[in-house]
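No lab work stands behind these numbers, since they all come straight from the coordinates. These numbers were taken from a predicted model, which means no experiment stands behind them. Here the Cβ positions follow ideal geometry from the backbone for every residue, glycine too, while neighbour counts run over all protein chains shown.
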């Protein structure tokens, strides 16, 4: 998997369909979903890599109580990620 753009991330709520932005893996950027076990997943739940939390800070947000800084590995490439943790989208850039 070199460049990966996830498609068909549609869900239905109260009879209306919504499309979510799925996972993205490029040589420069990463969008993925961290899970409790240290794995990174795409929107459909398929494992695409691993991560670890390197630091966190408490926040007052409707999205969560903590904001996490993470290091991820996908296809042997390392990325710096930020996000609200398990099950929430995390975004970042590749570490050179």
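Residues in the range 64-80, backbone N under 17 Å from the label point at residue 39 (7 Å along the Cα-to-beta-carbon vector): list them, ranges by number please.
Counting backbone N atoms under 17 Å from the label point, the list is 72-76.
For the chain, what is the relative contact order in percent, using Cα pairs closer than 8 Å and at least 6 residues apart in sequence?
23 percent
Can you compute the modelled spin-label distance between residue 65 and residue 20, with each label point 7 Å from Cα toward Cβ, in nm?
The modelled label-to-label distance comes out at 2.3 nm.
Sort 57, 71, 82 so that the residue with the fewest other Cβ atoms within 10 Å of its own Cβ comes first and the one with the most comes last.
Values: 57 8, 71 15, 82 12.
If I rank by nearby Cβ atoms, fewest first, I get 57, 82, 71.
Got a sec? How would 10, 53, 89 order by Cβ neighbour count within 10 Å, fewest to most?
The most exposed by this proxy come first: 10, 53, 89.
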